[in-house]
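Below you'll find the structure, written out as structure tokens, and then a few comments.
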Amino acid sequence: MGSSGGGREDDESPVECAIRETREEFDIAVDPAWIVWTRYYPAQNTTAPGSYFLVGKLEEGFGPVRFGDEGQQWAMMSIADFLNHPEVVESLKSRLRDYLVENT
């Protein structure tokens, strides 16, 4: 039985989960080969599951965004704008910085 709300379903891998969620929420098909970085982050609460942060390079673009049943909003912005945006969750900013430190 699967889960809802952005979680893994059955025994899918973190990459499979991210690809499925991206398709469900934005109707964007991501090729697994585009995923260039993956890191596991343990949960702060030891009884909760951790999470994965993935970075993909979609150099050919991704076509039109069409919200599925779960999509709510999206915006294209530069990395600098994302890191400075007041509404971006701080842990996501930190995880993107981890990627940038290792890959720039």
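Quick rundown of the values:
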| quantity | calculated |
| --- | --- |
| Given (1) charged (D, E, K, R); (2) in a loop (DSSP other than H, G, I, E, B); (3) surrounded by 10 or more Cβ atoms within 10 Å (Cβ to Cβ), number of the condition Glu60 does not satisfy | (3) |
| Residue in the stretch 37-48 that is nearest to Thr104 (Cα to Cα), counting only those that are surrounded by 11 or more Cβ atoms within 10 Å (Cβ to Cβ) and without any contact (Cβ under 8 Å) to a residue 60 or more places away in the chain | Thr38 |
| Test for Glu60: is it in contact (Cβ under 8 Å) with a residue 12 or more places away in the chain and charged (D, E, K, R) | no |
| Criterion violated by Ser94 - all others in (1) closer than 19 Å to Gly7 by Cα; (2) open to solvent by less than 60 Å² (accessible area, probe 1.4 Å) satisfied | (1) |
| Residues within the stretch 74-95 that are free of Cβ contacts under 8 Å to residues at least 40 places away in the same chain, within 26 Å of Ala43 (Cα to Cα) and either outside any helix (DSSP H, G or I) or not small (Gly, Ala, Ser) (or both), tallied | 12 |
| Any hit, the stretch 81-91, residues being surrounded by fewer than 10 Cβ atoms within 10 Å (Cβ to Cβ), among the β-branched types (Val, Ile, Thr) and modelled with pLDDT under 85 | no |
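The values are calculated or read from the model by the stated rules, or taken from the named source; none is laboratory data. The shown structure was predicted, so the numbers you read here are calculated from the model rather than taken from an experiment. Using ideal geometry, Cβ is built from the backbone for each residue, glycine included, and neighbour counts are taken over all protein chains shown. Quick note on the areas: whole protein, heavy atoms, side chains included, nothing else; ligands and nucleic acids left out. Shrake-Rupley method; radii C 1.70, N 1.55, O 1.52, S 1.80 Å.
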